[in-house]
Amino acid sequence: MTNLEKYNKVFQVILKKEGEELKELRYRGVPEWDSMGHMNLVGELEEKFDIMLDTPDMLAFSSYEKGKEILKKYGVEIEKEDA
Amino acid sequence: MPRLFVLEDRLTQSNCYLMEDNGSVLIIDPNDHERILKIIREHQWNIDYILLTHEHCDHIQGLNGVRRGYPEALVIATAVCSENLGNRIKNMSGMMGTYLHFKYGGDKKYVYSSILCNPANLTFDQEYEFHWKGHMIQMELVPGHTMGSCCIRMDETILFSGDYLIMGEEDITRLAGGNEEAYETYAKPWIEALEDGIHIYPGHGTDYILKKEKR
């Protein structure tokens, strides 16, 4: 499984969103991504990629795309999606 | 009756319950080990038991400190709770700073260190009961808030409900380890079957007497 697939899977499991919906996901943009959804998202990403996010990064994690940038700081490169 | 002390944690607002009877103490959800140890040492009491309602960090953040001070105290929890005590994601300590930021709002950053605890000394799957100072203590698995959540009865008249039955709040199943299906199947009917008149001591907020119209 690629990092992109793992990354997408986390959003699918926690926020119940898939495919094209993923790219548009933002914190509080859907009912599932509220403060509690955010906790679960962060926890699942930490577990799946075996990383520990600092609190400022947890707070800065405001969208699906922003999350990719943040994970890069922790050595997790999310592959670009095919056009 | 034993004397009951309530220690509310200033940061997370969790309740720790400390029961004392003739110098022996039973603690439920140790949240602030410095305050707990101060009271115990000032009175020269001894801790017999530490009971955990569930594994979330606001309910166990004082466990390591209390255990260091009183290593002979017996820690009792459900098997699932015990297993998750040493997992910073399952016990939520890895993200508690963020959680508090959302909970309280504003620009303040909350510093909250990860908490890793050793397993309980005694675990159970469904229920465990014992006598302490002439009182019947019954711990019962009530999965939903987490799969390792339990409620603790004393003498059928008092219920330490953990993060269930918090006054004015819905029971939450969306935090780490929570399971909505388990809540609907097990916890909700269990809570609905509770008898009127039982004194509820929840993991947050004030205690109250359960009455049907309050449910």
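Against the conditions (1) in a helix (DSSP H, G or I); (2) open to solvent by less than 90 Å² (accessible area, probe 1.4 Å), where does B:I115 fall short? Just the number, please.
(1)
Restricting attention to region A:49-71, does a residue exist that is more than 24 Å from B:R174 (Cβ to Cβ), at pLDDT below 90 and more than 10 Å from chain B (Cβ to nearest Cβ)?
no
A:W33 passes all but one of (1) open to solvent by less than 10 Å² (accessible area, probe 1.4 Å); (2) under 17 Å from A:G75 (Cα atoms); (3) not in a helix (DSSP H, G or I); which number fails?
(2)
Taking the criterion of being away from chain A (no Cβ under 14 Å), of a type outside the set (A, V, I, L, M) and in contact with a strand residue (DSSP E or B) (Cβ under 6 Å, 6 or more places away or on another chain), would at least one residue in region B:109-120 satisfy it? Before the answer, list the steps.
If we filter region B:109-120 for residues that are away from chain A (no Cβ under 14 Å), which is where we start, we get B:117-120.
Going one step further and asking which of them are of a type outside the set (A, V, I, L, M), we end up with B:117-119.
Then keep just the ones that are in contact with a strand residue (DSSP E or B) (Cβ under 6 Å, 6 or more places away or on another chain); that gives none.
Within region B:109-120 (the criterion being away from chain A (no Cβ under 14 Å), of a type outside the set (A, V, I, L, M) and in contact with a strand residue (DSSP E or B) (Cβ under 6 Å, 6 or more places away or on another chain)), the answer is no, since none of the residues qualifies.
Taking B:L165, is it on the phi > 0 side of the Ramachandran plot and at pLDDT 95 or above?
Working: on the phi > 0 side of the Ramachandran plot: yes; at pLDDT 95 or above: yes.
Yes: the conditions hold for B:L165.
Here are B:G178, B:G97, B:G162, B:G106: which of them is more than 14 Å from chain A (Cβ to nearest Cβ), small (G, A, S) and either closer than 27 Å to B:G197 by Cα or without any contact (Cβ under 8 Å) to a residue 40 or more places away in the chain (or both)?
Numbers: B:G178 fails: more than 14 Å from chain A (Cβ to nearest Cβ); B:G97 fails: more than 14 Å from chain A (Cβ to nearest Cβ); B:G106 fails: more than 14 Å from chain A (Cβ to nearest Cβ).
The conditions single out B:G162.
Which residue, of B:E83, B:E72, is open to solvent by 20 Å² or more (accessible area, probe 1.4 Å), assigned to a loop (DSSP other than H, G, I, E, B) and of a type in the set (D, E, K, R)? Lay out the reasoning, then the answer.
Working: B:E83 fails: assigned to a loop (DSSP other than H, G, I, E, B).
Just one listed residue meets the conditions, B:E72.
When the residues of region A:39-48 are filtered to those that are open to solvent by less than 10 Å² (accessible area, probe 1.4 Å) and more than 7 Å from chain B (Cβ to nearest Cβ), which remaining residue is nearest to B:H101 (Cα to Cα)? Don't jump to the end; show me each part of the working.
Taking region A:39-48 first, the residues open to solvent by less than 10 Å² (accessible area, probe 1.4 Å) are A:39, A:41-43, A:45-46.
If we keep only those that are more than 7 Å from chain B (Cβ to nearest Cβ) too, we end up with A:41, A:45.
Numbers: A:L41: 16, A:L45: 19 Å.
Checked region A:39-48; the qualifying residue nearest to B:H101 (Cα to Cα) is A:L41.
Of the residues that sit in region B:191-207 and are open to solvent by less than 40 Å² (accessible area, probe 1.4 Å) and of a type in the set (A, V, I, L, M, F, W, C), which one is farthest from B:L141 (Cα to Cα)?
B:I198
The values are calculated or read from the model by the stated rules, or taken from the named source; none is laboratory data. Remember, it's a predicted structure, so these values are computed and weren't measured experimentally. Glycine gets a Cβ as well: all are built from the backbone with ideal geometry, and neighbour counts include every protein chain shown. For the accessible areas, the whole protein counts, side chains as well, though only heavy atoms, and no ligand, DNA or RNA atoms are used. Shrake-Rupley method; radii C 1.70, N 1.55, O 1.52, S 1.80 Å.
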